[in-house]
Amino acid sequence: MTGKGKNYKKLMQQTPSKLMRRSKKVMLGDIITSSTATKQNIYTYFKAEISAIINPESPCYTACKSCQRKVFVEDNIANCNNCNTEDAEWEIKYLTRLEVKDHIDKAYVTLFNEARFLIGCSAEEYVDSFDEEGKER
């Protein structure tokens with residue numbers, strides 16, 4: 001393993017907060033246009049505000065526990081076409097689409113289970129907070 005490879009492995013073993021301290025701030029436009037800074041294998045961040053939630057009615061999906069692909073659950077039974085499994089084990093996961101913007105550009109971002117930090121609860125807790133008619137409890 002080269003010296004570069006050793007550094008990468010060490011970096012990946014660090015906690016996310018340590019990784020973020022080493023990250024480089026970029027503009028949203030840099031990410032959109034895939035500038036050289038964002039093509040490198042480095043951690044970056046940008047400052048933007050959420051201007052819209054694209055899928056506010058359905059920010060979650062039911063996923064196969066084996067492959068994480070979307071499954072349709074009927075009568076509490078999920079069939080996973082990807083795994084070819086009948087009655088697959090499944091869980092509720094976030095898939096939240098956002099429009100974000102800075103002072104120049106806007107972009108669309110998809111958050112998976114990281115959305116729990118934004119929403120403040122797990123996807124299962126979020127779904128459980130609504131009754132069968134979709135009204136918040």
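The numbers here are math on the coordinates, done by the rules we state, and not lab data. Keep in mind that this is a model prediction, so the values were computed, not measured. Note: ideal-geometry Cβ built from the backbone for every residue, glycine included; neighbour counts use all protein chains shown.
Convert each backbone phi in segment 62-74 into a coupling constant with the Karplus relation 6.51 cos²θ - 1.76 cosθ + 1.60 (shift: θ = phi - 60°), then list the ³J(HN,Hα) values in order as whole Hz, x for Gly and Pro.
Taking θ as phi minus 60°, the curve returns 8, 10, 5, 5, 7, 10, 6, 7, 5, 10, 9, 9, 10 Hz for segment 62-74.
Take the residue pairs K24/K70; K18/K65; K24/K65 and return only those whose Cα atoms are more than 32 Å apart.
K24/K70; K24/K65
Give the order of F130, F46 when sorted by the count of other beta carbons within 10 angstrom, beginning with the fewest.
F130, F46
Would you mind counting up the charge near D87? Only other residues with Cβ under 13 Å from its Cβ, with Lys and Arg at +1 and Asp and Glu at -1.
-3
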